[in-house]
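These notes concern the structure reproduced below.
The values are calculated or read from the model by the stated rules, or taken from the named source; none is laboratory data. All of these numbers come straight from a predicted model, not from anything done at the bench. Note that we place each Cβ from the backbone using ideal geometry, even for glycine, and neighbour counts take in every protein chain shown. These accessible areas exclude ligands, DNA and RNA; they are computed on the full protein's heavy atoms, side chains included. Shrake-Rupley method; radii C 1.70, N 1.55, O 1.52, S 1.80 Å.
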Amino acid sequence: MAIQKVLVTGATGQTGSIVVHKLRERTDRFEVVCFARSAEKAQEKLGSVDGVEIGDVMDRASIDRAIAGCDALVILSSSVLVMKGPPQPGQRPEFEFLPGAYPEDIDYNGQRNLIDAAVAVGVQHIVQVGSMGGTDKNHYLNTLGNGNVLIWKRQAEQYLIDSGIHYTIVRAGGLIDERGGHREILVGKDDSFFIPEQNMPHKLPRADVAEVVVQALLEPNAQNKAFDVVTREEDEALPTSDFAALFAQTTPGL
Ligand code: NAP
């Protein structure tokens, strides 16, 4: 099997850094290029700056430098809410997006930059990680920081599909920092995994999303598919081990 050279954006993020560690373990199948904003954070989160390209999704030239020669792209960069001022006693913290770092910037225009750069150098496959909830324009997550985050992420998904590159769109439920590999992974569509009375999706560990990303790079059956992903609780079912069978349940289109 040929070795795939993979660019991972958001490589110093919580899920992106797990993906990088998993890909680095598979030297028989992957060469990894990490796209990060800060060399210091890359050293801290990834243990080394080898294979790290410093850049920003809003800076096309930096993407072009990083993506040259890559076969695949994993998009795990994302807009990030920050706390608005210091927390006040007795009051709920408020969150905002920093100027130039709204979802329209990072999740739409930034992703368009990544996808356009990938098209320009002939990347074969893009795995894009986003969020469940995009079928509901009035979802409360869209109100946070006045960012319409799910709307912009959904538009970026459509832009990827329209690009003509083989795609795998992974829409995660609520991310938690628990161990991976111990749960059954469920795939679906159209936000069917929302718990109606809470309007919240079922949860899944970031490590399990990272494994889905790695397996999507390996399994042809994951290409040209878009799906929601959640897990059962650890004690509810056997952990997923057959990813070809999992991806066989997924379907093309948004
Ligand atoms: P995260 O830790 O917030 O990571 C986001 C990454 O994006 C960081 O590495 C950040 O860089 C990078 N980034 C931000 N702006 C950038 C820019 N202008 N240029 C380049 N990189 C930039 O993400 P996560 O919590 O692992 O989530 C992964 C994905 O799952 C996201 O798309 C998120 O929306 C989605 N999701 C989250 C949840 C949840 O419960 N939190 C649920 C479902 C889906 P730095 O490392 O330099 O900050």
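Annotations for the structure displayed:
- Given (1) open to solvent by less than 20 Å² (accessible area, probe 1.4 Å); (2) part of a helix (DSSP H, G or I); (3) β-branched (Val, Ile, Thr), index of the condition Val230 fails: (2)
- Filtering Arg65, Arg92 for residues that are closer than 29 Å to Arg154 by Cα, more than 20 Å from the chain's Cα centre (by Cα) and within 14 Å of the ligand (Cβ to nearest atom) leaves a single hit, Arg65.
- Within the option set Gly134, Gly110, Gly145, Gly85, being near the ligand (Cβ under 10 Å from one of its atoms) and either farther than 30 Å from Lys225 by Cβ or open to solvent by less than 40 Å² (accessible area, probe 1.4 Å) (or both) holds for one residue only, Gly110.
- Yes/no for Ser48 being exposed (fewer than 15 other Cβ atoms within 10 Å of the Cβ), within 8 Å of the ligand (Cβ to nearest atom) and not aliphatic (A, V, I, L, M): no
- Filter result (in a strand (DSSP E or B), surrounded by 15 or more Cβ atoms within 10 Å (Cβ to Cβ) and not charged (D, E, K, R)) within the stretch 187-205: Val187, Gly188, Phe194, Met200, Pro201, Leu204, Pro205
- Long-range neighbours under 6 Å by Cβ, at least six apart or interchain, first residue of a type in the set (Lys, Arg) within the stretch 1-30, second within 10 Å of the ligand (Cβ to nearest atom) and open to solvent by less than 20 Å² (accessible area, probe 1.4 Å): Lys22/Ala210
Okay, residues lined up against (1) under 17 Å from the mean Cα position of the chain (by Cα); (2) within 14 Å of Val33 (Cβ to Cβ); (3) part of a loop (DSSP other than H, G, I, E, B); (4) in contact (Cβ under 8 Å) with a residue 40 or more places away in the chain:
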position	(1), (2), (3), (4)
Val80	yes, no, yes, no
Pro87	no, no, yes, no
Pro99	no, no, yes, no
Arg112	yes, no, no, yes
Ala117	no, yes, no, yes
Ala120	no, no, no, yes
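- For the stretch 98-107, taking the residues that are acidic (Asp, Glu) and in contact with a Gly (Cβ under 9 Å, 6 or more places away or on another chain), the one that is least open to solvent (accessible area, probe 1.4 Å) is identified as Asp107.
- Candidates Asp242, Asp208, Asp235, filtered to the one that is surrounded by fewer than 13 Cβ atoms within 10 Å (Cβ to Cβ) and within 25 Å of Phe30 (Cβ to Cβ): Asp242
- The residue pairs whose first member lies in the stretch 129-146 and is under 9 Å from Phe194 (Cβ atoms) and in contact (Cβ under 8 Å) with a residue 24 or more places away in the chain, whose second member is within 13 Å of the ligand (Cβ to nearest atom) and not in a loop (DSSP other than H, G, I, E, B), and whose beta carbons are closer than 6 Å, counting only pairs six or more residues apart or on different chains, are Met132/Arg171; Met132/Pro201; Met132/Asp228; Gly133/Leu141; Gly133/Leu150.
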